[in-house]
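The values are calculated or read from the model by the stated rules, or taken from the named source; none is laboratory data. Worth saying up front: this structure is predicted, and the values here are computed from it rather than measured. Cβ: placed from backbone, ideal geometry, glycine included. Neighbour counts: every protein chain shown.
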Amino acid sequence: MHELHSYLQDTWVRGEGEPSRLLNPATEEVIATTVTRGLDMGAALAHARTVGGPALRAMTFAERGAILRQLAEAIVDIRKELLTLSTINNGATRSDSKFDVDGASFTLQAYAELGEELGDRRWIVDGDGEAIELARSKRFAGMHIKTPRQGAAVHINAFNFPAWGLAEKLAVAILGGMPVVTKPATSTALTAWRMTQAFVDSGALPPGALSFVAGSAGDLVDQLRFGDVLAFTGSSGLGCRFKGAGHLVAAGVPVNVEADSLNAAVIGPDVEEGSDTFEMAVRDIFRDMTQKTGQKCTAIRRVMVPEDLIDNVVEALLDQADRLKIGDPSADDNVRMGPVVNAAQREDVLEGLGKLAEATEKLRGNGRPGTLHGVDGDKGYFVDVHLFKAADPAASLAADIVHDREVFGPAATLLPYDGSVDQATALLARGAGGLVGSVYTDDRRFSRDMILSAAPYHGRLFLGSKKVAESAPGPGTVLPQMVHGGPGRAGAGEELGGIRGLDFYLQRTAVQGYKPLLEKILDGA
Ligand code: NAP
């Protein structure tokens, strides 16, 4: 049994009162406790702002990148332990745990390399370093520079990626020069807590650069003020609350929200059953339905399939589902899908599945799986793979549920369409803004038309084709070089994307004056 402590003002501390309990979702056993009540979030933020911020800002990008490299190594050093903790706290299979933990070290490493590229400078100049002439005389000119904001970066994460979620935000903020106060979801905080211990023990971070809240946030968000930023990943309801919080609006605190998304896949009219592209599409769809038990913000929830291919896609997905071993990943190595993370999530998923079943034709799934591996009786928060078909996707009931309700579990809905870009786009657009859309086709024209019509609705588009069938990781994988986030209901936020991610942590300022002077003093370290 672990007792999780928070790391505030460079000290491990514990709150007071009745602790929250962290469970193994496959067995319902209590594996850890944590309590944050009474901890002084205001003092923690002040320490980050006054101690961590100046220390990071005094460093160059290369030096901050070197910190990130050490943090990545700290994860690698305890990788096995982290994988085990992820399995017992998230109910994750070994492969799901690797997705989270290795994703964390990979992202830190990617930003370490970016730090090395940015080198011995402390600010970024927009463009190629040449000032823009602003008057008739060539003397008066301007440049845009980006410098670190002077407050603290508060990071609040969702339950599904405790390791990657912490690391992907931390990497960008630290490289940008801002101290971080990070908070995982309480129910799955175990991996994030152990990872933070390793970060602290590595000695890589200067004092005040990292604080960790091991559970409920208390009044953390209320304490934010000018100079701070808030990056939130979670439900859109809470995201909207933070975006609209009066004190944050008044102080101009930037708020980045990564929220719900009804990601869609479109199979092109050229795709034939059994082709490499068909196999790739089915593989990606099924992986997204089952990887992390469907608890992935990027998972494909809606699948547009040409009418004459729908039976083949149904058959292929049902075949894979029938062969999937579901159960406790700690008890049986052959298990390929574990439970959802807690009882509340199971209730939420079951309710969503019920609504989908009312609005569509249910092709598979009936709540808890009939056969479970390594599971004791009725223990564990297990949900079977569910597949639905909305024969008339434009009909109002189906439309309301299929396009609006994110069921955060192992489920997807197939939507037959006429193979046209127009209809596929109209259906995609019903999601009202998504993190990622995917298109499976070998037809160049269809690819281009779909990209151009679907791009405004998405933060990222994934093109599946026979050319990348063997090499692409699928649309569900977020890569640090590419933007992560999406318009509309996805939160209208943006994270990662290589150097673009730094913008959230930097203030852009237009600087005007004597052209040779600006170019001399602002270009360089
Ligand atoms: P959630 O219930 O909104 O919680 C998210 C985080 O907010 C948790 O850490 C939670 O902490 C914290 N929180 C709750 N109330 C708070 C408050 N008053 N002040 C500060 N923090 C507070 O979401 P979730 O159930 O963990 O995650 C599932 C959702 O996240 C899904 O809808 C999914 O689509 C979305 N998601 C989006 C992305 C993305 O990148 N777009 C990625 C992953 C997940 P406690 O646990 O302590 O309550």
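Miscellaneous remarks
- Checking each residue in region 427-459 for being more than 26 Å from the chain's Cα centre (by Cα) and of a type outside the set (S, T, N, Q) picks out D442, D443, R444, R445, F446, R448, D449.
- Within region 456-482, the set of residues being more than 15 Å from the ligand (Cβ to nearest atom), part of a loop (DSSP other than H, G, I, E, B) and not hydrophobic (A, V, I, L, M, F, W, C) comprises S465, K466, K467, E470, S471, P473, G474, Q481.
- The selection criterion, being more than 16 Å from the ligand (Cβ to nearest atom) and within 30 Å of T188 (Cα to Cα), holds for R287.
- Close pairs from region 52-64: first surrounded by 16 or more Cβ atoms within 10 Å (Cβ to Cβ), partner hydroxyl-bearing (S, T, Y) and not in a helix (DSSP H, G or I), Cβ under 9 Å, at least 6 apart: G52/S211; R57/T147
- Unmet requirement for T182, which otherwise passes all of (1) over 18 Å from the mean Cα position of the chain (by Cα); (2) in a strand (DSSP E or B): (1)
- Verdict on L463 being in the same structural domain as L114 (by TED's automatic domain parsing), more than 30 Å from G237 (Cα to Cα) and free of Cβ contacts under 8 Å to residues at least 40 places away in the same chain: no
- The criterion of being touching a Pro at 6+ places or on another chain (Cβ under 9 Å), surrounded by fewer than 19 Cβ atoms within 10 Å (Cβ to Cβ) and either within 24 Å of A331 (Cα to Cα) or modelled with pLDDT of 95 or more (or both) does not hold for S438.
- Test: residue in region 39-61 that is farther than 30 Å from D219 by Cβ and outside any loop (DSSP other than H, G, I, E, B): yes
- Test for K146: is it away from the ligand (no atom under 16 Å from the Cβ), under 30 Å from P516 (Cα atoms), at pLDDT 95 or above and surrounded by fewer than 24 Cβ atoms within 10 Å (Cβ to Cβ): yes
- The set of residues in region 232-252 that are closer than 21 Å to R405 by Cβ, out of contact with any Phe, Trp or Tyr (no Cβ under 8 Å at 6 or more places or on another chain) and assigned to a helix (DSSP H, G or I) comprises S236, G237, C240, R241.
- Screening region 185-206 for residues that are assigned to a loop (DSSP other than H, G, I, E, B) and within 16 Å of the ligand (Cβ to nearest atom) and picking the one that is surrounded by the fewest Cβ atoms within 10 Å (Cβ to Cβ) gives A185.
- Criterion: of a type in the set (A, V, I, L, M) and within 16 Å of the ligand (Cβ to nearest atom) - qualifying residue of A158, A135: A158
- F226 being within 29 Å of R49 (Cβ to Cβ), within 13 Å of the ligand (Cβ to nearest atom) and modelled with pLDDT of 95 or more: no
- Scanning region 484-524 for residues that are more than 18 Å from I174 (Cα to Cα) and of a type in the set (A, V, I, L, M) yields A490, A492, A510, V511, L517, L518, I521, L522.
- Filter result for N366 (surrounded by fewer than 19 Cβ atoms within 10 Å (Cβ to Cβ), under 30 Å from S420 (Cβ atoms), away from the ligand (no atom under 16 Å from the Cβ) and not small (G, A, S)): no
- Of the residues making up region 290-309, those that are touching a residue at least 12 places away in the same chain (Cβ under 8 Å) and either away from the ligand (no atom under 16 Å from the Cβ) or charged (D, E, K, R) (or both) are T290, K292, K296, R301, R302, V303, M304, V305, P306, E307, L309.
- Hits in region 207-223 - residues which are buried (at least 19 other Cβ atoms within 10 Å of the Cβ), in a loop (DSSP other than H, G, I, E, B) and more than 10 Å from the ligand (Cβ to nearest atom): G208, A209
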